[in-house]
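Student: Here's a structure for you.
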Amino acid sequence: MDFGCVKRLPADFVEHYRQLVYFAAHDDPEAHFQSMINIGMLTEKLPGETVVEIRSLSDEVGKWFGALFAEEQFDFEQMGARIGFRNTYEW
C-alpha cells in the first residue's frame, strides 16, 4: 500500500494491517480474508459468486504477500524475480 504523505493512521487500522500481514505469512487464508474486511479493503455485503472469486484471488495474493514476511529476511530471487534499478539521471 502507498500511503503517500499520511502522517497518522488509526491504531485499530495499524493493528488490523499487522494482522493481515501475519495471517498471510502464517498461511491462514480465512483470517487473511477477514482482515481485508476489517481494514476496509472489502465489504461483507458482496454477492456469493463475487466472494468466491475474490477469495480465490486473495488466497493466491496472500501466499505471495505472506512469503515476503514469513522469514526475517526475504530475497526476491527466491521467487525468480530480478529487480534492477536505473539511474534516472543517466538520460
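Student: If the requirement is being open to solvent by less than 50 Å² (accessible area, probe 1.4 Å) and in contact (Cβ under 8 Å) with a residue 40 or more places away in the chain, which of these qualifies: Gly66, Gly62?
Tutor: Gly66
Each row is one residue, and each column tells you yes or no for (1) farther than 22 Å from Gln19 by Cα; (2) modelled with pLDDT of 75 or more; (3) in a helix (DSSP H, G or I).
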| residue | (1), (2), (3) |
| --- | --- |
| Thr50 | yes, yes, yes |
| Ile54 | no, yes, yes |
| Val61 | no, yes, yes |
| Gly66 | no, yes, yes |
| Gln73 | no, no, no |
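Student: Follow-up. Can you tell me which of (1) modelled with pLDDT under 85; (2) under 21 Å from Val14 (Cα atoms); (3) of a type in the set (A, V, I, L, M, F, W, C) is the one Ile39 doesn't meet?
Tutor: Only one criterion is unmet by Ile39, namely (1).
Student: While we're on this one: Among what's in the range 1-50 and is among the charged types (D, E, K, R) and surrounded by 10 or more Cβ atoms within 10 Å (Cβ to Cβ), pick the residue that is farthest from the chain's Cα centre (by Cα).
Tutor: Once the filter is applied, the top-ranked residue is Asp12.
The values are calculated or read from the model by the stated rules, or taken from the named source; none is laboratory data. Everything numeric in this text was worked out from a predicted model, so none of it was measured. Positions of Cβ are generated from backbone atoms using ideal geometry, with glycine treated the same way; all protein chains shown enter the neighbour counts. For accessibility, only protein heavy atoms count, side chains too; no ligands or nucleic acids. Shrake-Rupley method; radii C 1.70, N 1.55, O 1.52, S 1.80 Å.
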